[in-house]
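Data first, discussion second: the structure below is written as C-alpha cells.
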C-alpha cells in the first residue's frame, strides 16, 4: 500500500507540473560558480598566458577598496592558477613586488595544500596526504606574510591567513588575532567572516553553539542589505548537514536565520550573482523546512547562478544536486496541488539578472543518436515533446527540440516531467531500454559542452569554458574512457587531449567540438550549430515529430508497425 499515495497524487502531478516552475531556466542554462563579466575577461586572458587584464582588475579593486569583489576575484584567479600557473609566474617576474600578484600567490599556496588534502573528513585522508598537506602549509608561511606586508590596508590577506590557520590547526589565540586584523580593516567583510565561521564550526575547532553565536552577532551589527546578514544561513547549512544530538540548536534559531535571509534576499534583484551565494543556502534550508513554495521562489531568484556550496556537501556533482533538488520541489508542489485548482499564471522567465544583460538565456543544442531516424522516432514517443529529426551519415540521427513548433507549455505534460523540456532529458528518455547511445552537444553563451546518455542515464558530461581552469589529467582521462567505451574507440589519448584544451578561443570551439565528434567516429556538426536555436529546420530529410499525450504515447508504443499502417484487426466469430 506504500504506492497508494503516489498513485492518488499522480493525476495532480500530470496536470500541474507543466505550470509549476515553468519559468525556471532550463538545466543546460544553469552554471556553477560562473564568474562575472570583468573576472571572466581576466580568466580568459590568463588562460592564454596574458596576466595584464587580471593585474589591472585587481589593482582597481585595491585602489577602490572594493574588498568583497577583490576577495572573490583573488580566489578565482588562484584557483585558475592551480593547473595553469605560468601567467602568475610571468607577472611576478615582470614585477616582483606587485601586491596583487603576491596576494594571488598566497591564496594559490593554500589552495595547493588543500587540493592534496581534499575536503574529505580526516578519517578518509591518508597519512601521506596529511604529510604533504602540512609541508605545503609550512612552505606557504613566507608567501602569506609577504602578501600581508605588501597589502597593509587590505583585509583579504587575512582571509588567506584564516584559511591557513584552519589547515595548520593553529590555536585559538592565533585565529582570534587574525580575525581582529580583519575587523580593524573591514568589520563588515563577508568573505573573511565566512572563512572564520568554518574554523568555528563543529567539524573543525568549534561547536554548533559557538558557530551560531558568531554568525548571529556578526549579522546583528550589519546594516540592512549587507552580506553579513547571510552568515546565519551558512551556519544553518553546517548545522543541518553536520548536526548531532549532543550539540542541538533550537529550531527557532534556524527559523530566525531563514527569515533573516528572506529579508536580505528582498534587497537584491532576481538573478543577481552576488546574492546567489546566500540564496543557494536559503533554498536548501527552505526545502528542509518543508517550505516548498518559498523554495521555488528562491530558485526563481537564483536563476542560472548555482553555487557549489551547499550542494557539494551531499553530492560531489554539485550542479546535478542543485538541478535534482530544484526539480524535486516542482514535483512535490504539483503532487499536493488539488486536481481542479486553476493553474497559476506563469511569470516572465527569470534567471540571468542585471549582470548578464544581453547574454543568451536558452542553450542551443543538438543530439546525435547512434540509430537511424525510424528507430529514434519510435523511441521518442514517450518524451511528450515536439522534436525535429534529421538523418545523419553512418545511419545516425540528429535530434533537436522544435521550440517554434511547440504545442504546449514547455513541451507539454511529459515534457515537464523531463525537467524543463531539456534536450538532455529528452535524450535520456529516447535511449531508455535501447542499446545505442546519444551524445548531446550544446552551447550556452561561450560555453560548449557534451553529455553522453545511454539506457536512460547520464554516463558522463564535459564542458569547455574559456574562463574555467583546465581539467586535470585524471578527470579528462575518465571522461575520455567513458566516451571511448560507448563508441568503440581504442585509443583515448587524442580524446583526452581534446578534453584538456579549449579550442584556442570561442571562435574555434565549434571546430574543436567537430574534432571531438570525429575522434568518436560521429558525423560533423550540422551547419549553424551554436549560432541558431533550431538548425535542423529545413535540413535535408528533416521531420517534425509532434508530441503525443501520455496515454497516446503508451498506446502507440505498444502498437506494431502493421497496426499503425493498417489499423487494428477485428475478430471473426
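Just a few scattered comments:
- Selection of region 89-109 for residues being crowded, with 21+ Cβ neighbours inside 10 Å and under 16 Å from residue 73 (Cβ atoms) yields 91, 100, 101, 102, 103, 104, 105, 106, 107, 108.
- Of the residues examined, residue 411 is one that is closer than 28 Å to residue 328 by Cα and modelled with pLDDT under 70.
- In this entry, residue 494 passes the filter for residues that are surrounded by fewer than 17 Cβ atoms within 10 Å (Cβ to Cβ), outside any loop (DSSP other than H, G, I, E, B) and in contact with a helix residue (DSSP H, G or I) (Cβ under 6 Å, 6 or more places away or on another chain).
- Residue in region 546-564 that is at negative phi, at pLDDT 60 or above and touching a helix residue (DSSP H, G or I) at 6+ places or on another chain (Cβ under 7 Å) present: yes
- Within region 39-51, considering residues that are out of contact with any helix residue (DSSP H, G or I) (no Cβ under 7 Å at 6 or more places or on another chain) and part of a helix (DSSP H, G or I), the one modelled with the lowest pLDDT: 47
- Among the residues of region 59-68, those identified as farther than 16 Å from residue 193 by Cβ and part of a helix (DSSP H, G or I) are 59, 60, 61, 62, 63.
- Candidate set: region 127-143, residues that are within 16 Å of residue 161 (Cβ to Cβ) and touching a helix residue (DSSP H, G or I) at 6+ places or on another chain (Cβ under 8 Å); chosen: the one surrounded by the fewest Cβ atoms within 10 Å (Cβ to Cβ): 139
- Helices (runs of 4 or more DSSP H) (entirely within region 249-302) containing at least 2 residues that are over 23 Å from residue 212 (Cβ atoms): 273-288, 292-302
- Exactly one residue out of 467, 433, 416, 426 is at pLDDT 75 or above, assigned to a helix (DSSP H, G or I) and in the same structural domain as residue 392 (by TED's automatic domain parsing): that is 426.
- Qualifying position, being more than 23 Å from residue 103 (Cβ to Cβ), at pLDDT below 90 and more than 21 Å from the chain's Cα centre (by Cα), among 24, 14: 14
- Pairs where the first residue, in region 496-517, is in the same structural domain as residue 477 (by TED's automatic domain parsing) and within 13 Å of residue 462 (Cβ to Cβ) and the second is assigned to a helix (DSSP H, G or I) and modelled with pLDDT under 80, C-beta under 6 Å, 6+ apart: 503/509
- When 230, 222 are checked against the criterion of being in a helix (DSSP H, G or I) and either under 19 Å from residue 69 (Cα atoms) or in contact with a strand residue (DSSP E or B) (Cβ under 8 Å, 6 or more places away or on another chain) (or both), a single residue qualifies: 230.
- Flag if residue 262 is modelled with pLDDT of 95 or more and surrounded by fewer than 23 Cβ atoms within 10 Å (Cβ to Cβ): yes
- Within region 129-188, tally of residues that are assigned to a loop (DSSP other than H, G, I, E, B) and over 32 Å from the mean Cα position of the chain (by Cα): 5
- Among residues of region 459-482 being out of contact with any strand residue (DSSP E or B) (no Cβ under 6 Å at 6 or more places or on another chain) and closer than 26 Å to residue 430 by Cα, the one that is surrounded by the most Cβ atoms within 10 Å (Cβ to Cβ) is 480.
- Residue 541 at pLDDT 85 or above, touching a strand residue (DSSP E or B) at 6+ places or on another chain (Cβ under 7 Å) and exposed (fewer than 15 other Cβ atoms within 10 Å of the Cβ): yes
The values are calculated or read from the model by the stated rules, or taken from the named source; none is laboratory data. Keep in mind that this is a model prediction, so the values were computed, not measured. Here the Cβ is made from the backbone with ideal geometry for all residues, glycine too, and neighbour counts use every protein chain on show.
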